[in-house]
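The values are calculated or read from the model by the stated rules, or taken from the named source; none is laboratory data. Source: prediction; values computed, not measured. Neighbour counts run over all protein chains shown; Cβ positions are idealised from the backbone, glycine included. For the accessible areas, the whole protein counts, side chains as well, though only heavy atoms, and no ligand, DNA or RNA atoms are used. Shrake-Rupley method; radii C 1.70, N 1.55, O 1.52, S 1.80 Å.
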Amino acid sequence: AGTLLSVILSLRDEFARLLCGSVAGDAEAREEALFLAWSFGVSLAVAAPIYLCFRSLVESLNVRALSLTIAVLLSATALASLIRPEHLPRLSVVKSALVLGLAQGLAVLPGVSRSGATIAALMALGFAPEDAFRLSYMVAAPAIACVVAYELTIQGVLMTTEAVVALAVSALVGALTIRALLGVAKRVPRWVL
């Protein structure tokens, strides 16, 4: 819940721009909203069976071997992202959303960084670092909201003083971190990221 609040706080202007632009008929805002909606749908379709049905199987996997395999795949994706964007074929909104959704959905596996997987996938698709970071966090919001809703349904709400403090601290630290990373993505050359 703290992470969800940090994403919403950090990117509130972006969410408002998409919502207002889509309602007002802005084609660019509608295309980006469609992109994020498709990405979220794909990630939900990929992650839900892993999270719900195969949870015990995933927990029994050799996490070191799985993590190493995923690290190699992410490294290959990162190397592919060094290709200059003008040399990459431009995928349709739906195809790019499928790639992003798949990256986010597979991040439910242990040892996989959701933001690392989605940012690497977006950069491999030719997105600028700043856009890759921004879109990675924006597509996280509905996914995190689903997990929070699911967990609250299963476990209920226990609002102790410690829980409120933990929520506030995680939201604040998360918001500061997201802002810092978005600032770095604007200034650091693509090959460094």
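Quick notes on this structure:
- Solvent-accessible ranking of Y51, Y150, Y137, largest area first, probe 1.4 Å: Y150, Y51, Y137
- Label positions at Q155 and A168, each projected 7 Å from the Cα along the C-beta direction, are separated by 2.1 nm.
- For S115, net neighbour charge (Lys/Arg +1, Asp/Glu -1) across residues whose Cβ lies under 15 Å away: +1
- Within-14-Å neighbourhood charge of C20 [Cβ basis; K, R +1; D, E -1]: -2
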